[in-house]
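Reviewing the structure listed below.
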Protein chains: 2
Amino acid sequence: MSSEKSFYSSGELAELAGLSTDTLRHYERKGVLARPLRKANDYRQYPASALQRVRLIRRAIAVGFTLDELASVLKVRDSGGAPCMEVRALAEAKLSDIETRLREMSELRKELRAVLKDWDTRLEQRAPGQRAHLLESLNAGRNGGLGNRRQGSVNLAKKKREMRSK
Amino acid sequence: MSSEKSFYSSGELAELAGLSTDTLRHYERKGVLARPLRKANDYRQYPASALQRVRLIRRAIAVGFTLDELASVLKVRDSGGAPCMEVRALAEAKLSDIETRLREMSELRKELRAVLKDWDTRLEQRAPGQRAHLLESLNAGRNGGLGNRRQGSVNLAKKKREMRSK
DNA sequence: CTTGACCCTGGAATTAGTTCCACCCTTTAC
DNA sequence: GTAAAGGGTGGAACTAATTCCAGGGTCAAG
């Protein structure tokens, strides 16, 4: 039943993971994906675990981690060392980022759903002068607690500017 | 009670929205933020609605929209026209993206929480040889239905490559 | 031995969003 | 009037992730 090979070539891994071999190499260069053993011909031989690693990477990226950030976290993990506070803090910050983004996303999902429903309704009714509200609702979203913060580096914009103009 | 001004300067709006005036100008250039009226001195005068618009933009970006994509959607909305199928399709695609990302994110949130808890436990116990599992758990996450797809443009990687090598 | 399918490498290029730069203008306070 | 603070402009630069490129192997099939 186990149709899983224990080694993948770069092409195979790329295929399985849904990305290009170029990207795999990139991950390697960035230090988030370990350099795999090579065969005699210098071809990469990825262990099965690499697939999971790649999936982890993609999830982490999707969630706002930077390859460099990830590298710092994974380096700790891979060497089994105790995470220096820096890394722990990073992980914690990411977690709270994620929570914020989760809220935002489900918010936007709701809005987007409403918009689509709206559009479809309007398109069916076809009342000529109707002038659909379309994304109007999107604009309306409760703009309560959220507001600014970006994914990783927050609002350095004018801070930097202020520094140099000082 | 309404402490809200009805017009903002670019600096004010930037401040409120938590981004730089440069970014505001960028949004304008990209066509997601309407060119505001100008005062006699050529200063921008943003209507209060611009703040909501900017917030919408940020949410949309956070969720995977591209400024160009957003522009195409918003252009429809702003002109009150019926959304051409292209735009509707885009919105729908984004919705499904969002749903996928939501799943991924809450998945990763869970994992991240576990990792943090793990770390803290280990750090407290301080069993020397323990060699923490750290992110180990992250690797373990159910890799069921999800897997590859990226935010916006999916997997063009090798597709393009294939085309040209044909 | 040639062809086609893969793989390798380092560095350049691209894409998107954002920021920086240089230079000029306006308004307010001293 | 002059410095400080805030605006404006176009275009260059930067960052991150990914892709492209050019030149060079390996290997099985025909």
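Quick notes
- log10 of Debye I(q)/I(0), alpha-carbon scatterers only, for the stretch A:7-78 at 0.11, 0.16, 0.20 Å⁻¹: -0.24, -0.51, -0.79
- Taking θ as phi - 60° and the Karplus parameters 6.51, -1.76 and 1.60, the scalar couplings of the stretch B:50-65 work out to 4, 4, 5, 4, 4, 5, 4, 4, 5, 5, 4, 5, 4, 9, x, 6 Hz in sequence order, x denoting glycine and proline.
- Per-residue average of Cβ from other chains inside 10 Å of B:11-23: 3
- The amide H of A:Y8, built 1.01 Å from its N in the peptide plane, has A:Y46 as neighbours under 5 Å, considering only residues 5 or more places off or on other chains.
- Legend: mean number of C-beta atoms from other chains within 10 angstrom of residue C-beta atoms, peptide A:30-41, equals 0.
- Placing a label point 7 Å from Cα along the Cα-to-Cβ direction at A:G31 gives distances to the equivalent points in the other copies of 4.2 nm, listed shortest first.
- Each copy carries a label point for A:Q45 at 7 Å from Cα along the beta-carbon vector; from one copy to the others these points are 7.3 nm apart, nearest first.
- Cross-link table A:K75/B:K110; B:K30/B:K75; A:K30/A:K75; A:K30/B:K110; A:K94/B:K110, entries beyond 18 Å C-alpha to C-alpha: A:K75/B:K110; A:K30/B:K110
- The H on the amide N of B:S20, modeled in the peptide plane, is under 5 Å from the matching H of no residue at least 5 residues off or on a different chain.
- For A:D120, the point set 7 Å out from Cα toward Cβ sits 4.4 nm from its twins in the other copies, listed from shortest up.
Coordinate-derived values only; no laboratory data. None of the values given here were measured: they were computed from a predicted structure. Glycine also receives a Cβ, built like all others from the backbone with ideal geometry; neighbour counts cover every protein chain displayed.
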